[in-house]
Amino acid sequence: MELQGFSVYILKALSLILPPQIIIMSYEERRRPARNHMRTSMDIGMGLFYMIIGGFVLYFQAFGNMSLPAWISYLLGSMMMLGGGARLYRGLKVILPQKNADTSQGE
């Protein structure tokens, strides 16, 4: 019983210091980490950068003169293209509108 009383005092003290939005959060707000615009723009920018560099590696191996062995350059180029595509998808997934799962289940 003393522990419950102590937690009430802690919550009252926190309510004086912190705004009420921070103390009372829903489960979805606590579960989903907040992604800011800087992280999203960096995902998109780095994804495009990796895809461009991977394209250059593949292009110069096929049509230019590259000192790497063919299998290493194809592996490196394709991995950079895949990694860039994954980062680009992760950045665009935040921007593009999401389908609401609640409306599709009920009707």
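Checking L58, L68 one by one, the residue that is in a helix (DSSP H, G or I) and either modelled with pLDDT under 90 or aliphatic (A, V, I, L, M) (or both) is L58 and no other.
Considered as a group, the residues in the stretch 46-75 that are more than 21 Å from R87 (Cα to Cα) and among the aliphatic types (A, V, I, L, M) include one that is surrounded by the most Cβ atoms within 10 Å (Cβ to Cβ), and that residue is M66. Every test in (1) at pLDDT 80 or above; (2) part of a helix (DSSP H, G or I) is passed by D102 save one, and that test is (1). Any residue at all in the stretch 89-97 that is among the basic types (K, R), surrounded by fewer than 13 Cβ atoms within 10 Å (Cβ to Cβ) and at pLDDT below 65? Looking through the stretch 89-97, none of the residues is among the basic types (K, R), surrounded by fewer than 13 Cβ atoms within 10 Å (Cβ to Cβ) and at pLDDT below 65.
The values are calculated or read from the model by the stated rules, or taken from the named source; none is laboratory data. Please read these numbers as outputs of a predicted model, since none were measured by experiment. Quick reminder, even Gly has a Cβ in these numbers, built from the backbone with ideal geometry, and neighbours come from all protein chains shown.
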